[in-house]
Amino acid sequence: MTRVYNFSAGPAALPEPVLRQAAAEMLDWQGSGMSVMEMSHRGPQFTAIMADALARFRALLDVPAGYEVLFMQGGALGENAVVPMNLLGQRSSIDFVDTGEWSKKSMQEAAKYARVHVAASAADSGYTRIPARETWQLDPEAAYVHICSNETIGGVEYGFTPDVGTVPLVADMSSNILSQPLDVSKYGLIYGGAQKNIGPAGLTIVIVRQDLLGRALPITPTAFNYRVVADNGSMYNTPPTYAIYIAGLVFKWIEDQGGLVAMARRNAEKAALLYDALDRSALERGGLFVTHVARECRSRMNVTFHLRDEALTAPFLAGADARGLVQLKGHRVVGGVRASIYNAMPLAGVQALVAYMAEFEAAHG
Ligand SMILES: *Cc1c(COP(=O)(O)O)cnc(C)c1O
């Protein structure tokens, strides 16, 4: 068996010890005589798995009392509809900060339910930076302010938590949740699909402040009403049981690595290694590789770059594949190369990529 270094943006690489444990427990979970996939979600075994995963997640992020953690389905794109349905209440407008493809998707969906007000946009920079907080034009009557904390496609990430006053701050954190410590108390609601930095696709995590519950529009599907989901311990209907089990193993793995402080240190080290290689390429070697993202907005999770000669992109990717460095193709909207280096990507994977980039540059520079 050969495991590759998988740079996929999502579904993405998982920690190998997690996959090994899941394999070992596939036919018989801890003496139950069955796979987790075969268990009733209301039986004692899965109830314990669920409680364990929820407790570990809360502990990792130090989620304060007064916040609910919901394990749902529907993905982040589902939440783009579910959040406005649940949070609008009597209000009619939502503030958005437009930082790229995912925030645009959020705005398009919310426009079905509310007036969308663009408080700030990075469109004029080609989505290469996060608009400075001082430039945001916030509406004090907005139901909430929506941001995307890490734009997975463009490769820009917030380096700060914006202060938006008393209006609740809502963040799509699909691609950087659990990558570093987080002050949950600064947010009204945080959501994300699991398949980037947590576990398998199918699990969607929502952290919501309790005072925001109970405002759902009458059209809200019952299974997506946060109050109902919270009151039923995320078991109003069948939750994505196997994805929750794997996520629980990932939470345990993060604890074993030293928690989110250790994750942040490792992620910073990996990102610095890759961005240094790009900067050195630009400075010393005539710049075969270029990244357009403003330095202070560079994503630690999704490193996007281009080959100056676009015709070299295909051979670069083919050579990477041949070396077991896979799924590096940039998103079709932006092209180029994207290296997604979430928690589960080891430093050795980034070192291998940087070594290959130097080799490619020596051959083509
Ligand atoms: C991947 C991603 C999405 C889409 O999530 P789905 O789970 O496919 O709905 C939305 N937002 C961000 C920031 C993402 O990275």
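Details
- Complete set of residues in the stretch 115-134 that are surrounded by 15 or more Cβ atoms within 10 Å (Cβ to Cβ) and not in a strand (DSSP E or B): ALA122, SER125, TYR127, THR128, ARG129, ILE130, PRO131, ARG133
- Number of the condition not met by ALA339 [criteria: (1) small (Gly, Ala, Ser); (2) assigned to a helix (DSSP H, G or I); (3) at pLDDT 95 or above]: (2)
- No other residue among ALA53, ALA48, ALA111 is surrounded by fewer than 17 Cβ atoms within 10 Å (Cβ to Cβ), within 30 Å of VAL261 (Cα to Cα) and more than 16 Å from the ligand (Cβ to nearest atom) apart from ALA48.
- For first residues located in the stretch 70-81 and under 13 Å from SER174 (Cα atoms), partners that are among the acidic types (Asp, Glu) and near the ligand (Cβ under 6 Å from one of its atoms) and lie 6+ apart or on another chain with Cβ distances below 7 Å form the pairs ALA76/ASP172.
- Extreme residue, surrounded by the most Cβ atoms within 10 Å (Cβ to Cβ), among residues of the stretch 74-96 that are over 15 Å from ALA143 (Cβ atoms) and of a type in the set (A, V, I, L, M, F, W, C): ALA76
- Screening LEU353, LEU312, LEU288 for residues that are under 24 Å from the mean Cα position of the chain (by Cα) and not acidic (Asp, Glu) leaves exactly one candidate, LEU353.
- Checked against (1) in a helix (DSSP H, G or I); (2) of a type in the set (A, V, I, L, M, F, W, C); (3) away from the ligand (no atom under 16 Å from the Cβ), VAL69 passes all but a single condition, namely (1).
- VAL82 being more than 30 Å from LYS270 (Cα to Cα) and either more than 13 Å from the ligand (Cβ to nearest atom) or touching a strand residue (DSSP E or B) at 6+ places or on another chain (Cβ under 9 Å) (or both): yes
- VAL250 vs. criteria crowded, with 21+ Cβ neighbours inside 10 Å and either out of contact with any helix residue (DSSP H, G or I) (no Cβ under 7 Å at 6 or more places or on another chain) or closer than 30 Å to GLY43 by Cα (or both): yes
The values are calculated or read from the model by the stated rules, or taken from the named source; none is laboratory data. All values derive from a computational prediction rather than experimental measurement. Every residue, glycine among them, receives a Cβ derived from its backbone with ideal geometry; neighbour counts consider all protein chains shown.
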